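The values are calculated or read from the model by the stated rules, or taken from the named source; none is laboratory data. Being a predicted model, the structure only gives us computed values, none of them experimental. Backbone-built Cβ (ideal geometry, glycine too); neighbour counts: all protein chains shown. Heavy atoms of the whole protein, side chains included, go into the accessibility calculation; ligands, DNA and RNA do not. Shrake-Rupley method; radii C 1.70, N 1.55, O 1.52, S 1.80 Å.
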Amino acid sequence: MALPLSPWLHGFRPVPASRRALVCFPYAGAGAAVFRDWALDVGPETDLLAVRLPGRESRIGEPPLHRVEEAVPALLAALEPLRDRPLILFGHSLGAALAYATARALAAHGRPPALLAVSGRRAPHRPSRRPPVDGLDDAAFRARLAALGGTPPEVLACDDLMELMLPMLRADFAMSDAFLEPDPPPLPVPILAIAGAEDAEATVEEVAGWERLAGAGFTRRTLPGGHFFLHEQRALIVRHLLGEGSRNTH
């Protein structure tokens, strides 16, 4: 299959006769490249695509977005060439909110994905336990990044690099902080929710709250690790995604 020509999606290798597509949504501050190694675990029947938001990688010159809703129309357009095959949407942390909003929009257009998989993210109706980043100065914001553990220490220590990245990082965190649906209706899509057993940012109980939205089946998995367990548990996560995705495409 020819990969979609959209700046919003990045493909990692051609799959001539794919049966489905796995579309991955990155966490705050990350780009499509965080899913590059997933190609090692995704078989020959699945296209692996990753979302690339404005403000990073090849789109670094574009202004970043501050609300999840701002991304959805462009994501729908980018996914349009894939409408002839089942979609598995996977998102981690902020990416889970983006994947969920995209799944709801696809369902509203009569094209629900085969599976919505969310990890490391509280359910949409659960408010954040942490204060928003808007009020933090740069030093406090960098300390917050360090505490989360997703940003390499050498990046945090480089003032020039951080000056370049801070607008995008702040925009991503603002996007994550602002996403809340107090009373979401059930989603007509199977949901797989994955939690890190030691994740203090999104606890197992908060991730379990996604069951409230599951109008077409719900599965929960708890894996070892903290908030960025997706890097340590990559192969197992892919196995769960493709297993649940296959079950829902028959």
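Summary of values
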quantity	calculated
Qualifying residue in the range 124-136 (condition: modelled with pLDDT under 95, open to solvent by 20 Å² or more (accessible area, probe 1.4 Å) and not in a loop (DSSP other than H, G, I, E, B))	yes
Verdict on P184 being in a loop (DSSP other than H, G, I, E, B), touching a residue at least 60 places away in the same chain (Cβ under 8 Å), of a type outside the set (D, E) and surrounded by fewer than 20 Cβ atoms within 10 Å (Cβ to Cβ)	yes
Some residue of the range 219-230 being of a type in the set (S, T, Y) and either in a helix (DSSP H, G or I) or surrounded by fewer than 17 Cβ atoms within 10 Å (Cβ to Cβ) (or both)	yes
Only one of R212, R170 that is in contact (Cβ under 8 Å) with a residue 12 or more places away in the chain, in a helix (DSSP H, G or I), closer than 29 Å to R56 by Cα and open to solvent by 30 Å² or more (accessible area, probe 1.4 Å)	R170
Residue within the range 192-204 that is under 20 Å from I88 (Cα atoms) and either at pLDDT below 95 or open to solvent by 20 Å² or more (accessible area, probe 1.4 Å) (or both) present	no
Filter result for the condition that a residue is within 20 Å of the chain's Cα centre (by Cα), among the aliphatic types (A, V, I, L, M) and surrounded by fewer than 22 Cβ atoms within 10 Å (Cβ to Cβ), over L156, L116, L161, L82	L82
Filter result (among the acidic types (D, E) and open to solvent by 10 Å² or more (accessible area, probe 1.4 Å)) within the range 37-67	D37, D41, E45, E57, E62
Flag for A107 being open to solvent by less than 40 Å² (accessible area, probe 1.4 Å), closer than 24 Å to V34 by Cβ, modelled with pLDDT of 90 or more and out of contact with any Ser or Thr (no Cβ under 9 Å at 6 or more places or on another chain)	no
Qualifying residue in the range 22-30 (condition: of a type in the set (G, A, S) and modelled with pLDDT of 95 or more)	no
Tally, over the range 12-36, of residues that are farther than 15 Å from M168 by Cβ and open to solvent by less than 40 Å² (accessible area, probe 1.4 Å)	9
Residue within the range 233-244 that is of a type in the set (G, A, S), modelled with pLDDT under 95 and either buried (at least 17 other Cβ atoms within 10 Å of the Cβ) or part of a loop (DSSP other than H, G, I, E, B) (or both) present	no
